[in-house]
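All remarks here apply to the structure that follows.
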Amino acid sequence: RAGRRRSPGFGLHPGAKRGAGVANGLDQTARSPDQIHAQIPEKKVVTLLETAAGQGSCLGCSFEELGKILDRVDDPARVGICIDTCHIFASGYDIRSRDCYERTIEQLDVHAGIDNVGAFHLNDSQKPLGSPVDRHEHIGKGQIGIDDFAFVPNDPRFARTPKLIDTPKHVHPN
């Protein structure tokens, strides 16, 4: 669908390991975009794997896991990462100060590569750091806070990276 609409990419969650274990789950996750891309070689749509919060048996909760998936795909130019700020916060990556943000981005670069970031989902988190619960909140109304959202939009390394607000549909009364 993304190819027919001439979209440069689409995002999806990497999936879950279920009973297969992490290594098998990462292999299976890497094979999925390979199978899709093999069916549509003429389309150059990029599959963006969204960071996960860590609930249950999900994969992609760490930059290390995402990097391992990227290392295993057949065509790495067609797979990237979508960073969800609530999800990385819930999985233990602190972005609430300049120093914490820089350490998080350093970990991203070491394990998965800054150049592989194709999009951001910007949202706050209802739950605390490392919770690993995926509960989006309006920016400034959650555990991350309003001031700290300036780091991503003002980071020159991501100046040309799309950033989408991904908050709940309900409206706060204040």
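Taking the options D115, D166, name whichever one is at pLDDT below 95, within 26 Å of K68 (Cβ to Cβ) and within 16 Å of the chain's Cα centre (by Cα). Can you show your working first?
Working: D115 fails: at pLDDT below 95.
Of the residues listed, the single one that is at pLDDT below 95, within 26 Å of K68 (Cβ to Cβ) and within 16 Å of the chain's Cα centre (by Cα) is D166.
Whether any residue in segment 80-92 is touching a helix residue (DSSP H, G or I) at 6+ places or on another chain (Cβ under 9 Å), part of a loop (DSSP other than H, G, I, E, B) and open to solvent by less than 30 Å² (accessible area, probe 1.4 Å) is what I want to check.
no
Is there any pair with a first residue in segment 8-25 that is in contact (Cβ under 8 Å) with a residue 12 or more places away in the chain and more than 14 Å from A52 (Cα to Cα) and a second that is of a type in the set (G, A, S) and surrounded by 17 or more Cβ atoms within 10 Å (Cβ to Cβ) whose Cβ atoms are under 6 Å apart and which are 6 or more apart or on different chains, and what are they?
From residues that are in contact (Cβ under 8 Å) with a residue 12 or more places away in the chain and more than 14 Å from A52 (Cα to Cα), the pairs are G9/G118.
Which one is surrounded by the most Cβ atoms within 10 Å (Cβ to Cβ) among residues in segment 35-79 that are part of a helix (DSSP H, G or I) and of a type in the set (G, A, S)? It would help to see each step written out before you state the result.
Step one: of segment 35-79, the residues part of a helix (DSSP H, G or I) are 35-39, 63-72, 76-78.
From what's left, of a type in the set (G, A, S): 38, 67, 77.
Values: A38: 10, G67: 20, A77: 10.
Residue satisfying both the conditions and the ranking: G67.
Quick one: L59 ticks every box in (1) over 22 Å from D109 (Cβ atoms); (2) modelled with pLDDT of 85 or more; (3) of a type outside the set (V, I, T) bar one, so which box is it?
Among (1) over 22 Å from D109 (Cβ atoms); (2) modelled with pLDDT of 85 or more; (3) of a type outside the set (V, I, T), L59 violates only (1).
Can you find a residue in segment 102-119 that is buried (at least 16 other Cβ atoms within 10 Å of the Cβ), part of a helix (DSSP H, G or I), on the phi < 0 side of the Ramachandran plot and of a type in the set (S, T, Y)?
yes
The values are calculated or read from the model by the stated rules, or taken from the named source; none is laboratory data. Worth saying up front: this structure is predicted, and the values here are computed from it rather than measured. Virtual Cβ from ideal backbone geometry, glycine too; neighbours counted across all protein chains shown. Side chains included, ligands, DNA and RNA excluded: accessible areas come from the protein's heavy atoms. Shrake-Rupley method; radii C 1.70, N 1.55, O 1.52, S 1.80 Å.
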